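The values are calculated or read from the model by the stated rules, or taken from the named source; none is laboratory data. Predicted model, so just to flag it, every value in this text is computed and none were measured. Backbone-built Cβ (ideal geometry, glycine too); neighbour counts: all protein chains shown. Side chains are part of the model used for accessible areas, which takes the heavy atoms of the whole protein and leaves out ligands, DNA and RNA. Shrake-Rupley method; radii C 1.70, N 1.55, O 1.52, S 1.80 Å.
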Amino acid sequence: TSAALALLCGSVAAVVVWRWLGKRQIQKKMEEARRTRDEGMKKMAKAVQHFREQVPSVQTDAILSLPLLELTGRLQEGSLCPKTVLYTYLEKALEVTQQTNCLRHFIPECEDQLQEIQQQREKGMLYGIPVSIKDHIGHKGHLSTCGLVQCLGTPVQEDSVLVKVLKRQGAIPFAMTNVPQSLFNFDCSNPIFGQTLNPFNHQKSPGGSSGGEGALIAAGGSILGIGSDIGGSIRLPSSFCGLCGLKPTAERLSVWQTRLLNVDICSRPTPVPCALGPMARDVDSLALCMKALLCEEMFQLDPTVPPIPFNKEVYSSSAPLRVGYYDTDGYFPLPPCMRRAVQETRGALQAAGHQLVPFSPPRIHYVMTELFLKTFFADGGHAWLDLFTEDIVDPSLKSQVNCCKIPRLGKKLLALILKPLQFLLLLKLKNIAMISTCRSVKEMWNHHHQIEVYRTEFISQWRELRLDVVLCPVLGPAFTTGYPGKLLTAISSTMLYNVLNFPAGVVPVSTVTEADEEELKLYQGCCNDPWDWTLKQAVAGAVGLPVAVQCVALPWQEELCLRLMKEVETLSSKK
């Protein structure tokens, strides 16, 4: 008996020591990653200081205030030199990341790219423009971490197609920005590099998963950034940070050599695909970026991208539009200020001569629970959970991780216990634990088929109303940090257009007023339940923060989507 007890105690001690050593190894990897980042920051700071000593008369504020179109013009004509612009933005980015923790890493090869573009025979459309890119977009010699410890080992061996095209067009990728752990969150925090803050209010989140981009651009540390979007990850940071952001049709821009959930996106096809797209301070910047990227180089490097150049005529047209609109999808009612933004924009568009038509997107409850969430948790969340086996789970993700860890039997018991609340659950499924899984290949194929059936239904309804575009709400204003992880299903307004694979963009049109804040006190949401109360807490204290709307077009009509965005931007600036 004593021998057995000693063996048991020894085994327990061995397990404890093994776990301690595992955690210690994780901590060492994280400390090394942070040390590497900090050393890179110091090197960049020294390079900036050296440049300032050489050229002390740079008019920093004047350069930073130039819109992208004007800056490209100045660079093309030679009245500004790329080196001055690059070091001006490097200096500003250093200042911004000290305040918001938005950068994951500077790209020291930006100095080599600076030399490279000056030797090119022809100046590209983005000649001399410093560009920031999201953490998981591949850049040769750098990590794509997705905020995960297991991704800290191997640097990317080759530039992603998108980075290659940016460089060919004369752009200078100079920084990689922070993301939430695993990218599956619309906050921006991970255990390695920490929490990114909203530059307008440090109690608030910049959104996610392209939150580092949102914070950096909004605070003036970058003039153009590239994010990604699989549920709102470009549009939510744009909404929270007062930027313009475009999620194109997924296949319009190449995603080759871009990592998602620790694999290359192209190696894991999904019925709800990831899209890469631009983020900037105005709509013209997005249009210029799309025009630059949709070039022969992109089509040659990635033959899966349809060779459709940017249609400038559609973007610059002044013909009246037939615009569908709605201010709620009926699934997760948004705060009063977001609905106000849609109604005010509707009125402005109508007064400008456009035709506004009420539109109601069909079956959002079904789309959210049976199509969107089931796509990512078809296996009960096991593939996602595997990402955390050798990692520390970020506090902002713990509630989601714990839900996925509930065994199948536990989920069935929960469903049985909550059956009396069936109506509420059908109306607004809040908990990942309730998501049904695909238990066979046949079920998976059927799931894919149901997505196609829904797309057909949605397009038919769109066609019946003879719509050109749709104006609708986007989630906002900025959440207090820590709250996004508690309200995953609040993203229904954006995820719908990932399921449909429609181009969708966000434009800031207003700010939160004292009257909005007072009206928020009366907000009851859909059911006046704990999740509605949580949303109310998440967006409280947002006076002065940006308020945005969402613009949508049919697949492959990015130019038409941008056209509506530009019209909305022009009308809101006049107001």
Inset, instruction - Confirm whether R259 is at pLDDT 95 or above and either in contact with a Phe, Trp or Tyr (Cβ under 8 Å, 6 or more places away or on another chain) or open to solvent by 40 Å² or more (accessible area, probe 1.4 Å) (or both). - result: no
Inset, instruction - Just need a number here: residues in segment 490-513 that are open to solvent by 10 Å² or more (accessible area, probe 1.4 Å) and over 14 Å from S239 (Cα atoms). - result: 2
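For segment 38-94, how many residues are in a helix (DSSP H, G or I), in contact (Cβ under 8 Å) with a residue 40 or more places away in the chain and surrounded by 14 or more Cβ atoms within 10 Å (Cβ to Cβ)? Working first, answer last.
From segment 38-94, those in a helix (DSSP H, G or I) are 38-54, 60-64, 68-77, 82-94; that's our starting set.
Subsequent filtering for residues that are in contact (Cβ under 8 Å) with a residue 40 or more places away in the chain retains 40-41, 43-45, 47-48, 64, 68-69, 71-72, 75-76, 82, 85-87, 89-94.
With surrounded by 14 or more Cβ atoms within 10 Å (Cβ to Cβ) added as a condition, the list becomes 40-41, 44-45, 47-48, 64, 68, 71-72, 75-76, 82, 85-87, 89-94.
Total satisfying the criteria: 22.
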Legend entry - Residue among L334, L349 that alone is outside any helix (DSSP H, G or I), out of contact with any Cys (no Cβ under 6 Å at 6 or more places or on another chain), under 27 Å from R563 (Cα atoms) and in contact (Cβ under 8 Å) with a residue 12 or more places away in the chain: L334
Legend entry - Any strands (runs of 3 or more DSSP E) falling wholly within segment 467-554 and containing at least 1 residues that are assigned by the TED database to the domain that holds F186 and within 27 Å of A215 (Cβ to Cβ): none
Inset, instruction - Search segment 146-158 for residues that are within 17 Å of S209 (Cα to Cα) and pair each with any residue that is surrounded by 12 or more Cβ atoms within 10 Å (Cβ to Cβ) and aromatic (F, W, Y) when their beta-carbon atoms are under 9 Å apart and the residues are at least 6 apart or on different chains. - result: G147/F193; L148/F388
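Quick one: would you say L114 is at pLDDT 95 or above and in contact with a Gly (Cβ under 6 Å, 6 or more places away or on another chain)?
no
Any residue that is of a type in the set (S, T, N, Q), under 27 Å from A478 (Cβ atoms) and out of contact with any Pro (no Cβ under 8 Å at 6 or more places or on another chain) - is there at least one of those in segment 363-374?
First, the residues of segment 363-374 that are of a type in the set (S, T, N, Q): 369.
Next, only the ones that are under 27 Å from A478 (Cβ atoms) stay: 369.
Imposing the further condition that a residue be out of contact with any Pro (no Cβ under 8 Å at 6 or more places or on another chain) reduces the set to 369.
Yes, some residue in segment 363-374 is of a type in the set (S, T, N, Q), under 27 Å from A478 (Cβ atoms) and out of contact with any Pro (no Cβ under 8 Å at 6 or more places or on another chain).
Identify, from the list I226, I192, I234, the residue that is over 20 Å from G505 (Cα atoms) and β-branched (V, I, T).
Numbers: I226 fails: over 20 Å from G505 (Cα atoms); I234 fails: over 20 Å from G505 (Cα atoms).
The unique qualifying residue is I192.
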Inset, instruction - Return only the number of the condition from (1) modelled with pLDDT under 95; (2) open to solvent by less than 10 Å² (accessible area, probe 1.4 Å) that V474 does not satisfy. - result: (1)
Inset, instruction - Kindly provide the set of residues from segment 390-405 that are farther than 17 Å from T489 by Cβ and either at pLDDT below 85 or assigned by the TED database to the domain that holds N498 (or both), ordered by number. - result: E390, K405
Legend entry - Exclusive hit being open to solvent by 60 Å² or more (accessible area, probe 1.4 Å), outside the structural domain of A383 (by the TED database) and in contact with a His (Cβ under 7 Å, 6 or more places away or on another chain), set P309, P320, P358: P320
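What are the residues in segment 144-167 that are closer than 18 Å to G225 by Cβ and either open to solvent by 10 Å² or more (accessible area, probe 1.4 Å) or of a type outside the set (V, I, T) (or both), if any?
As a first pass, look at segment 144-167 and keep what is closer than 18 Å to G225 by Cβ: 144-147, 159-167.
Residues satisfying the conditions are S144, C146, G147, D159, S160, L162, K164, L166, K167.
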Inset, instruction - Could you list all residues from segment 211-230 that are open to solvent by 10 Å² or more (accessible area, probe 1.4 Å) and part of a loop (DSSP other than H, G, I, E, B)? - result: A219, G220, I230
